[in-house]
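Trainee: I'd like to ask you about the structure that follows.
The values are calculated or read from the model by the stated rules, or taken from the named source; none is laboratory data. Not measured: the values here are computed from a predicted model. Backbone-built Cβ (ideal geometry, glycine too); neighbour counts: all protein chains shown. These accessible areas exclude ligands, DNA and RNA; they are computed on the full protein's heavy atoms, side chains included. Shrake-Rupley method; radii C 1.70, N 1.55, O 1.52, S 1.80 Å.
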Amino acid sequence: MTVHSPTTAKHILLNAFDMNSAGHINHGLWTHPRDESHRFNELSYWTDLAKLLEEGLFDGLFIADITGVYDVYQQNIDLTLKESIQLPSHDPSTLVSAMAAVTEHLGFGITVNLSYESPYQFARRFASLDHLTQGRIGWNIVTGYLDSAERLIGQQGLKDHDLRYEQANEFLELCYKFWEGSWENDAVQKDKINRIFSDPSKVHQIQHQGKFYQSQGVFQVAPSIQRTPVLYQAGASARGLAFATQHAEAMFIGADHPDKVKAQVETIRKLIKTQGRDPESIKLFVGISVVTAETDQQAQEKFSEYIRYASPEAGLAHFSSSIGLDLSQFADDEAIPYKQSNSIVSVNNKFKQQRITPQDLKAQHQLGGRYPVFVGSPSHVAEQLIQFLDHTGIDGFNLTRTVTPESHQDFIRLVIPELQQRGRYKTTYTPGSLRHKLFQQGDHLSTLHPVQQFRCTPQ
Ligand SMILES: Cc1cc2nc3c(=O)[nH]c(=O)nc-3n(C[C@H](O)[C@H](O)[C@H](O)COP(=O)(O)O)c2cc1C
């Protein structure tokens, strides 16, 4: 296991991992008496959270999102409704301006499923958010995996998994043209004396005739600080990895064992290189859950108390939709067969490789779901996180909420000082945009990124 000395060791990047809903990953905890996630439809719930995360020097608040509902388990939505399994859930981008107004540094990683967006309208909305947040917006690029979404949107069934990525590739190309190919950096002059708000010679029409999209004209939003929002992605299948390593600047890796994460990190870094990019130009994150208290024993007691409110069955229902297979049809100790589906390929593939029963999945879904859980005293948790990071070569963590806001308060009060003492967590924010904070190389994407071919050059 590699252990860095404090002087050379890298700082751990940290996002809070959340959703604009009561149930997100740790299902059932909305019933805990101290949990406030039922207030997710109140603005003050989010502005308070944003302020708290900034006090804890979090790099970002990452908000997951799903278009559609989980109706695969028992082939209905009864449990989904009763347990609030990401239903109701609201549009995450509506939260950003309010949270940006009460913070100065916190980044916002917002999930948008491009399959149901028009590239133009989407690019305009995110460019506007980049202006209003002063360069703190990121986009988690997802393509969707629910048949229920197709029915809601009025389309003819989920597109083939790999075709979704082909469409995503073209969606991004077109967004790059809007964000980086239409307006030159100094097009906006705001010159009152000469009556020139924007210089016509510096604003260009873009042209796009593709397989999925067509567009022609000037983009309506002048360049924002980052131009392109910071790009997050979680592709894990062969096609998904190719897409992510071509475009992303931050990736999420699913993790059940540190050795597998390490192997995945090595594969990803190699793939980034084959794309002609710097292997370190993508920050790699793993989702985690943490339960901490002053001593190991108190943390274990808190963990036991939390899981009394958990709903492993809700976890199973969520999982059923992730793989597109009704898991209620199997006995608790029956091996779940692999069945090809059009859903999340990388999660589904586990059933080819391992014997997994509904009982195993329920045990895993008490707390943490698909993500590792760390329970212990602040120093114990800090040591485990550092070891995990150093062993696997990832850059940081997406911290799920358990009992909210208590779990983030605990983490900030107890674990962050331990990480800081070990030289593994920042003690102050770097000024500047989200991209600059993450890479220390300015506000814009590097010239090695595919965006480069779509940039307009001064004429
Ligand atoms: C940490 C993490 C967060 C994710 N968040 C979302 C999300 O908010 N919405 C969504 O539709 N998919 C989400 N996904 C699923 C991904 O979009 C993608 O389907 C998955 O990683 C598998 O990719 P694959 O199709 O290449 O196998 C997430 C995946 C991970 C690992």
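Trainee: Within segment 126-167, which residues are in a loop (DSSP other than H, G, I, E, B) and more than 16 Å from the ligand (Cβ to nearest atom)? Please lay out each step first, then the result.
Mentor: We begin by selecting, within segment 126-167, every residue in a loop (DSSP other than H, G, I, E, B); these are 133-136, 143-146, 154-160.
Within segment 126-167, 133, 134, 135, 136, 154, 156, 157 meet the criteria.
Trainee: Related question: Of all residues being of a type in the set (S, T, N, Q) and touching a residue at least 40 places away in the same chain (Cβ under 8 Å) in segment 134-172, which is farthest from residue 216 (Cα to Cα)? Just the residue, please. Break it down into steps so the answer makes sense when it comes.
Mentor: Our first condition is that a residue be of a type in the set (S, T, N, Q); within segment 134-172, this holds for 134, 140, 143, 148, 155-156, 167, 169.
If we keep only those that are touching a residue at least 40 places away in the same chain (Cβ under 8 Å) too, we end up with 134, 140, 148, 167, 169.
Working: 134: 28, 140: 26, 148: 33, 167: 18, 169: 18 Å.
For segment 134-172, the residue satisfying everything is 148.
Trainee: Provide a single number: the residues in segment 199-238 that are within 16 Å of the ligand (Cβ to nearest atom) and crowded, with 17+ Cβ neighbours inside 10 Å. Step through it out loud before you land on a result.
Mentor: If we filter segment 199-238 for residues that are within 16 Å of the ligand (Cβ to nearest atom), which is where we start, we get 229-238.
Restricting the remaining residues to those that are crowded, with 17+ Cβ neighbours inside 10 Å gives 229-237.
Within segment 199-238, residues that are within 16 Å of the ligand (Cβ to nearest atom) and crowded, with 17+ Cβ neighbours inside 10 Å number 9.
Trainee: Moving on. Here are some residues: 401, 435, 424, 370. Which one is closer than 25 Å to residue 269 by Cβ, touching a residue at least 60 places away in the same chain (Cβ under 8 Å) and open to solvent by 10 Å² or more (accessible area, probe 1.4 Å)?
Mentor: 370
Trainee: Okay, next question. Take the conditions open to solvent by 10 Å² or more (accessible area, probe 1.4 Å) and among the β-branched types (Val, Ile, Thr) and apply them to residue 272. Does it pass? Break it down into steps so the answer makes sense when it comes.
Mentor: On the way: open to solvent by 10 Å² or more (accessible area, probe 1.4 Å): no; among the β-branched types (Val, Ile, Thr): yes.
Criteria not met by residue 272.
Trainee: Given (1) within 16 Å of the ligand (Cβ to nearest atom); (2) buried (at least 16 other Cβ atoms within 10 Å of the Cβ); (3) touching a residue at least 60 places away in the same chain (Cβ under 8 Å); (4) not aliphatic (A, V, I, L, M), identify the lone condition not met by residue 113.
Mentor: Against the list (1) within 16 Å of the ligand (Cβ to nearest atom); (2) buried (at least 16 other Cβ atoms within 10 Å of the Cβ); (3) touching a residue at least 60 places away in the same chain (Cβ under 8 Å); (4) not aliphatic (A, V, I, L, M), residue 113 comes up short only on (3).
Trainee: Another one. Kindly indicate which of 62, 108 is open to solvent by less than 40 Å² (accessible area, probe 1.4 Å), under 15 Å from residue 136 (Cβ atoms), away from the ligand (no atom under 13 Å from the Cβ) and not polar (S, T, N, Q).
Mentor: Working: 62 fails: away from the ligand (no atom under 13 Å from the Cβ).
When all the criteria are applied, what remains is 108.
Trainee: Inspect segment 268-279 for any residue being within 15 Å of the ligand (Cβ to nearest atom), β-branched (Val, Ile, Thr) and either part of a loop (DSSP other than H, G, I, E, B) or modelled with pLDDT of 95 or more (or both) and give the result as yes or no.
Mentor: Within segment 268-279, the subset within 15 Å of the ligand (Cβ to nearest atom) is 268, 271.
Still in the list and also β-branched (Val, Ile, Thr): 268.
Retained after the next criterion (residues that are either part of a loop (DSSP other than H, G, I, E, B) or modelled with pLDDT of 95 or more (or both)): 268.
So far as segment 268-279 goes, yes, one or more of its residues are within 15 Å of the ligand (Cβ to nearest atom), β-branched (Val, Ile, Thr) and either part of a loop (DSSP other than H, G, I, E, B) or modelled with pLDDT of 95 or more (or both).
Trainee: In segment 416-424, is there at least one residue being closer than 22 Å to residue 368 by Cβ and not charged (D, E, K, R)?
Mentor: Yes - at least one qualifying residue is present in segment 416-424.
Trainee: Just the residues that are part of a loop (DSSP other than H, G, I, E, B) and over 25 Å from residue 262 (Cα atoms), please, taken from segment 388-439. I'd like the intermediate steps shown before the answer.
Mentor: Here is the first cut: in segment 388-439, the residues part of a loop (DSSP other than H, G, I, E, B) are 393-395, 401-405, 422-433.
If the condition is that a residue be part of a loop (DSSP other than H, G, I, E, B) and over 25 Å from residue 262 (Cα atoms), then 402, 403, 404, 405, 427, 428, 429, 430, 431, 432, 433 are the ones that fit.
Trainee: I'm checking my understanding of the structure. Among residues of segment 291-315 that are β-branched (Val, Ile, Thr) and open to solvent by less than 10 Å² (accessible area, probe 1.4 Å), which one is farthest from the ligand (Cβ to nearest atom)? Reasoning before the result, please.
Mentor: So the first thing to find is which residues in segment 291-315 are β-branched (Val, Ile, Thr), and the list is 291-292, 295, 307.
If we keep only those that are open to solvent by less than 10 Å² (accessible area, probe 1.4 Å) too, we end up with 291-292.
Numbers: 291: 19, 292: 21 Å.
Once the filter is applied, the top-ranked residue is 292.
Trainee: To continue, here is another question. When both residues are 6+ apart or on different chains and their Cβ atoms are under 8 Å apart, which pairs have a first residue that lies in segment 273-300 and is farther than 27 Å from residue 417 by Cα, and a second that is of a type outside the set (Val, Ile, Thr) and open to solvent by 70 Å² or more (accessible area, probe 1.4 Å)?
Mentor: Listed pairs, sorted by first residue: 276/448; 277/448; 278/448; 279/270; 279/273; 281/448.
Trainee: Considering only segment 36-59, I want to know if a residue exists there that is within 16 Å of the ligand (Cβ to nearest atom), outside any helix (DSSP H, G or I), open to solvent by 20 Å² or more (accessible area, probe 1.4 Å) and not hydrophobic (A, V, I, L, M, F, W, C).
Mentor: No: segment 36-59 contains no residue that is within 16 Å of the ligand (Cβ to nearest atom), outside any helix (DSSP H, G or I), open to solvent by 20 Å² or more (accessible area, probe 1.4 Å) and not hydrophobic (A, V, I, L, M, F, W, C).
Trainee: A further question on this structure: Looking at segment 244-255, can you tell me whether even one residue there is assigned to a loop (DSSP other than H, G, I, E, B) and open to solvent by 70 Å² or more (accessible area, probe 1.4 Å)? Step through it out loud before you land on a result.
Mentor: Of the residues in segment 244-255, the ones assigned to a loop (DSSP other than H, G, I, E, B) are 248-249, 254-255.
Checking which are open to solvent by 70 Å² or more (accessible area, probe 1.4 Å) leaves us with none.
No - not one qualifying residue is present in segment 244-255.
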